[in-house]
Amino acid sequence: MSIAITHAAPRTVPRRRINRRSALVLCLLGGGVIFLFALTLTCGRGCLAPSAVLSALFGHDSAGASFVVNDLRFPRAAMSLVTGLCFGLGGVAFQVMLRNPLASPDIVGISASAGAAAVFAIVILSLNGWIVSLVAVCAGLMVAFTIWGLSSGRGGAGGRLILVGIGISAMLDSVTAYIILEAPEWDRVEALRWLTGSVNGAQLTEVAPVFAALVVFGGMLAVAARDLDVLRLGDDTARALGVGADKTRLVVTLAAVGLVAFATSASGPIAFVAFLSGPIAARLLGSSAAILPAAALTGAILVLAGDFSGQFLLPARLPVGVVTGAVGAPFLLYLIVRANKNGGSL
Amino acid sequence: MSLDHRLEAQNLCAGYEKQAILENVSLTLPAGKITAIVGGNASGKSTLLRTLTRILPTVSGSVLLDGQSVHTMPSRKLAQIMGLLPQSPIAPEGITVADLVGRGRHPHHSLFTRWGSADDRAVDQALRATGIEKLAEREIDTLSGGQRQRAWIAMALAQETDLLLLDEPTTFLDVSHQIEVLDLLVDMNTGRGTTIAMVLHDLNLAARYADHLIAVADRGIYAEGPPSEILTESMVKAVFGLESRIITDPVSGTPSMVPLGRHKVISRPCSRKIA
């Protein structure tokens, strides 16, 4: 009888090797984040010695480095880091949940709604701080449920959900543009932040709410991660394995919208970071193990690297969103072409 | 090994509020046996299976596992006792066989438990039982239909449930793979005492492999019992609307249905000639 329990032979099956690969990828991504973070702190218009950066960070002023490091570069690097993590994590959560890489929050209008709501709250309602983020979260959730409703979306995301989302996204982008035109006191840089996303002039007080959101909503996602992974096998299989599909989707939607909305209300909708992180991480990992942390780190790398190259490597000084947008658009085209061929999932 | 869990439906109505697909169905799956659910297209056999496993809600009536309603049972506890292989499960792109089979261990873990040697052992056994241990590292997308179906069954096996329900496990498989899958289910049934219930299209394979046959027609159960009593010419006529002759399967000794169409029939049975 083939079922008879005759094992004892050591298991040579690949689980361990897959884990080793994902551990390696996570280490490399983490190393990349640390490197880029340090690079942002040390190099700018002029480079500082690492020792000067460290002593400035720990409060010893050495030759004026303190202002540059503590007031300019550290908030900027911190903002890039936390928004990158939020966008990467929120994006991949949507893509995995809806089993479609095109269903990322910045394609289906969640980022656009958070951005429009934030601009509305700041310009029209004269709000600031946490309240703006909460308004953005509410708008994001409203749009998420509207899209689900309009595409009668339970389960995976078909073309319909994506198209509804793109339509809503375009509508909300025009709302943002209109409000910006009505806000004459804003300069071009501030306006660009809400159109493409920027970490220019970030303050630590603006970083704090995003960091808090990362802890709270990231924690929610970490708890839901196992169930989310099983949900990829389809609703029926997930239920058979003891996972409530609707409940998991609700938790994941709430957490992902929270992450994206808080990040958007601090840095603006940094173009395509949410969309790019998941697929890039998936290709690096080669399997679905540890996709959430890998995508979060990838998001941080994209924002840190995009901001650094936008500032210092390219001929003109560009906000990070312009750089990530330029990288992301061709990839979007690639995915659309590929999705038409095999219906691709993440 | 099995604790003989008892799954039963009482006055079950299922489907949709406005259009019932099943009305007043009561049944008990015989513990430790293989049950096959047969019936025509859209007769409600899949609905029955899906309602029994809580994937579809009941309109009225109840589904009881060991006397407790499955709808009030914690999902994870239910999933430790009863497994289901749906008709068209989705394999995420790039997932390997071992990884997929490992998903079957999900209900045995909580947030705070880690993958352990018991899980390794369950996956290992499932791979070996289904004969796909050599394919463990392959990606699901690269497998043939039969291999893929065996991987899904291995996942359900790794779940180590005492009850396993399968929705058309042999669809899209050629005949040799169909036999392979059904033999595998008998292995599970006799080896571990797993109670099995499945929707099958092929009446003759159902009669050969099942201990208990449930024929579904007209929103209810037309007949149920051992295949030798259930698979009759009048049952086939009533459930499928088809004239047939029942012969004895020379290989298994179980009843076997030979359809009578309008053409290609050399000798009609006497009883039909008169009519």
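The values are calculated or read from the model by the stated rules, or taken from the named source; none is laboratory data. Only a predicted model underlies this, so the values are computations on that prediction, with no experimental measurement involved. Every residue, glycine as well, gets a Cβ built from its backbone with ideal geometry; the counts of neighbours run over all protein chains shown. Quick note on the areas: whole protein, heavy atoms, side chains included, nothing else; ligands and nucleic acids left out. Shrake-Rupley method; radii C 1.70, N 1.55, O 1.52, S 1.80 Å.
Among the residues of segment A:228-237, not a single one is open to solvent by 10 Å² or more (accessible area, probe 1.4 Å), away from chain B (no Cβ under 14 Å) and assigned to a helix (DSSP H, G or I). Scanning segment A:44-80 for residues that are free of Cβ contacts under 8 Å to residues at least 12 places away in the same chain and of a type in the set (Phe, Trp, Tyr) yields A:Phe58, A:Phe67.
I'm trying to understand the selection: among the residues of segment A:144-196, which are of a type in the set (Val, Ile, Thr), at pLDDT 90 or above and closer than 14 Å to A:Leu98 by Cα? Passing the criteria: none in range.
Count of segment A:173-223 residues, restricted to those that are acidic (Asp, Glu) and without any contact (Cβ under 8 Å) to a residue 24 or more places away in the chain, is 3.
Quick grid of which residues meet (1) open to solvent by 10 Å² or more (accessible area, probe 1.4 Å); (2) at the interface with another protein chain (Cβ under 9 Å from one of its Cβ atoms):
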| position | (1), (2) |
| --- | --- |
| B:Leu85 | no, yes |
| B:Glu93 | yes, yes |
| B:Gly104 | no, yes |
| B:Pro107 | no, yes |
| B:Phe112 | yes, no |
| B:Trp115 | yes, yes |
| B:Lys134 | yes, no |
| B:Ile140 | no, no |
| B:Gln149 | yes, no |
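For segment B:37-50, the criterion of being under 19 Å from B:Leu65 (Cα atoms) and of a type in the set (Val, Ile, Thr) is met by at least one residue.
Give the number of residues within segment B:117-126 that are closer than 25 Å to B:Thr170 by Cβ and either more than 7 Å from chain A (Cβ to nearest Cβ) or surrounded by fewer than 21 Cβ atoms within 10 Å (Cβ to Cβ) (or both). Spell out how you get there, then give the answer.
Within segment B:117-126, the subset closer than 25 Å to B:Thr170 by Cβ is B:122-123, B:125-126.
From what is left, the residues that are either more than 7 Å from chain A (Cβ to nearest Cβ) or surrounded by fewer than 21 Cβ atoms within 10 Å (Cβ to Cβ) (or both) are B:122, B:126.
Count: 2.
Would you call B:Gln80 in a helix (DSSP H, G or I), more than 7 Å from chain A (Cβ to nearest Cβ) and not small (Gly, Ala, Ser)? Spell out the reasoning first.
Working: in a helix (DSSP H, G or I): yes; more than 7 Å from chain A (Cβ to nearest Cβ): yes; not small (Gly, Ala, Ser): yes.
When the stated conditions are applied, B:Gln80 passes them.
Within segment B:50-71, residues that are surrounded by fewer than 18 Cβ atoms within 10 Å (Cβ to Cβ) have Cβ atoms under 6 Å from residues that are of a type in the set (Lys, Arg) in these pairs: B:Asp66/B:Arg6, counting only partners at least 6 apart in sequence or on another chain.
Yes/no matrix, rows are residues, columns are (1) open to solvent by 20 Å² or more (accessible area, probe 1.4 Å); (2) at pLDDT 90 or above; (3) touching a Gly at 6+ places or on another chain (Cβ under 7 Å); (4) not in a helix (DSSP H, G or I):
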{"position": "A:Ser104", "(1), (2), (3), (4)": "no, yes, yes, yes"}
{"position": "A:Val108", "(1), (2), (3), (4)": "no, yes, yes, yes"}
{"position": "A:Ala114", "(1), (2), (3), (4)": "no, yes, yes, no"}
{"position": "A:Ala117", "(1), (2), (3), (4)": "no, yes, no, no"}
{"position": "A:Ile122", "(1), (2), (3), (4)": "yes, no, no, no"}
{"position": "A:Ser126", "(1), (2), (3), (4)": "yes, no, no, yes"}
{"position": "A:Val132", "(1), (2), (3), (4)": "no, no, no, no"}
{"position": "A:Val137", "(1), (2), (3), (4)": "no, yes, yes, no"}
{"position": "A:Met142", "(1), (2), (3), (4)": "yes, yes, no, no"}
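Tell me, yes or no, whether segment A:242-260 has at least one residue that is part of a helix (DSSP H, G or I), within 10 Å of chain B (Cβ to nearest Cβ) and open to solvent by less than 10 Å² (accessible area, probe 1.4 Å).
Kept after step one, since they are part of a helix (DSSP H, G or I), are these residues of segment A:242-260: A:245-260.
Going one step further and asking which of them are within 10 Å of chain B (Cβ to nearest Cβ), we end up with A:245, A:247.
Adding the requirement that they be open to solvent by less than 10 Å² (accessible area, probe 1.4 Å) leaves A:245.
Yes, there is a match, as at least one residue in segment A:242-260 is part of a helix (DSSP H, G or I), within 10 Å of chain B (Cβ to nearest Cβ) and open to solvent by less than 10 Å² (accessible area, probe 1.4 Å).
Residue selection: A:Arg283 satisfies the criterion of being without any contact (Cβ under 8 Å) to a residue 24 or more places away in the chain, in a helix (DSSP H, G or I) and open to solvent by 20 Å² or more (accessible area, probe 1.4 Å). Restricting attention to segment B:253-275, the residues that are modelled with pLDDT of 90 or more and either surrounded by 14 or more Cβ atoms within 10 Å (Cβ to Cβ) or part of a strand (DSSP E or B) (or both) total 7.
Output the residues belonging to segment A:67-102 that are among the aromatic types (Phe, Trp, Tyr) and open to solvent by less than 10 Å² (accessible area, probe 1.4 Å).
Quick first cut of segment A:67-102, residues among the aromatic types (Phe, Trp, Tyr) only: A:67, A:74, A:87, A:94.
Hits for segment A:67-102 are A:Phe87, A:Phe94.
A single entry from B:Ala31, B:Ala42 fulfils the requirement of being more than 14 Å from chain A (Cβ to nearest Cβ), farther than 21 Å from B:Ser88 by Cα, in a loop (DSSP other than H, G, I, E, B) and open to solvent by 40 Å² or more (accessible area, probe 1.4 Å): B:Ala31. Taking B:Thr72 as the residue in question, decide whether it is away from chain A (no Cβ under 11 Å) and at pLDDT below 90. So B:Thr72 fits the description; yes.
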